[in-house]
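Below is one structure; the comments refer to it alone.
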Amino acid sequence: MPCLDRRDLALLALRAGTGAVLMAHGTQKLFGWFGGGGLEQTAAGMEHMGFTPGRESAIAAGLGEAGGGALLVLGLATPAAGAAAAGAMAGAVSVHAPAGFFAQGGGYEYPAFLGFTAAAIGLAGPGRYSVDHATGHCLNQPWTLALAFAGSALAAAAIVSKRARNRPDTTEE
């Protein structure tokens with residue numbers, strides 16, 4: 001019997017903790033759980049922040065967070081899970097960036113941390129205690145890693161730049 005590997009346990013703990021936080025955040029958007037606004041309020045908020053169309057943006061953000069988080073917890077399709085969550089957090093960073101870095105002032109510290117952590121898990125892989133490991137890593141291949149992160153980066157860049165074009169100029173207020 002192989003020795004318990006602390007790195008695999010650490011990856012499990014990191015996946016479970018990060019994934020659970022992302023799932024909770026995403027289900028606030030999608031279903032209104034944990035005090036969230038649900039899909040309609042999130043859609044209205046997305047429109048107000050310049051993410052159009054609002055409903056589709058809310059669904060994409062909620063699925064990136066809740067779906068990516070759930071996959072991270074399971075250690076399933078880990079590169080895609082990490083990339084999806086990181087991409088969703090890139091959108092959140094763009095919203096919080098005008099307030100500076102620190103979360104205390106409404107800044108992007110927290111979504112950046114979640115995004116970097118999700119990306120790091122996607123890059124590192126799920127470890128031994130995962131569905132990916134149990135299935136022979138069929139969804140955790142170098143090509144899935146490259147495709148998932150390239151797709152997420154392109155999508156995040158397109159969404160953030162579209163948001164920037166949709167936002168009214170607030171410097172004259």
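The values are calculated or read from the model by the stated rules, or taken from the named source; none is laboratory data. Here the structure is a predicted model, which means the values were calculated and not measured. Backbone-built Cβ (ideal geometry, glycine too); neighbour counts: all protein chains shown. Surface areas here come from the heavy atoms of the whole protein model, side chains and all, with no ligands, DNA or RNA. Shrake-Rupley method; radii C 1.70, N 1.55, O 1.52, S 1.80 Å.
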Response to the item:
By residue number, the members of the stretch 1-58 that are under 22 Å from ALA119 (Cβ atoms) and of a type in the set (Gly, Ala, Ser) are ALA10, ALA13, ALA16, GLY17, GLY19, ALA20, ALA24, GLY26, SER57
Worksheet item: If you go through the stretch 93-136, how many residues are free of Cβ contacts under 8 Å to residues at least 12 places away in the same chain, touching a His at 6+ places or on another chain (Cβ under 8 Å) and on the phi > 0 side of the Ramachandran plot?
Response: 1
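Restricting to the stretch 121-165, give me the number of residues that are of a type in the set (Phe, Trp, Tyr) and over 18 Å from the mean Cα position of the chain (by Cα).
First pass over the stretch 121-165, keeping only residues of a type in the set (Phe, Trp, Tyr): 129, 143, 149.
Remaining after also requiring over 18 Å from the mean Cα position of the chain (by Cα): 129, 143.
Result for the stretch 121-165: 2.
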Worksheet entry | Complete set of residues in the stretch 47-91 that are over 14 Å from ALA155 (Cβ atoms) and either in contact with a Phe, Trp or Tyr (Cβ under 6 Å, 6 or more places away or on another chain) or of a type in the set (A, V, I, L, M, F, W, C) (or both) | MET49, ALA58, ALA66, ALA70, LEU71, LEU72, VAL73, LEU74, LEU76, ALA77, ALA81
Item to complete: Count, please, the residues in the stretch 121-136 that happen to be open to solvent by 50 Å² or more (accessible area, probe 1.4 Å) and either of a type in the set (Gly, Ala, Ser) or assigned to a loop (DSSP other than H, G, I, E, B) (or both).
Response: 6
Worksheet item: On the given criteria, is PHE149 at negative phi, surrounded by 12 or more Cβ atoms within 10 Å (Cβ to Cβ) and free of Cβ contacts under 8 Å to residues at least 24 places away in the same chain?
Response: no
Worksheet item: With respect to the numbered conditions (1) hydrophobic (A, V, I, L, M, F, W, C); (2) assigned to a helix (DSSP H, G or I); (3) open to solvent by 50 Å² or more (accessible area, probe 1.4 Å), which one is the sole condition not fulfilled by LEU139?
Response: (2)
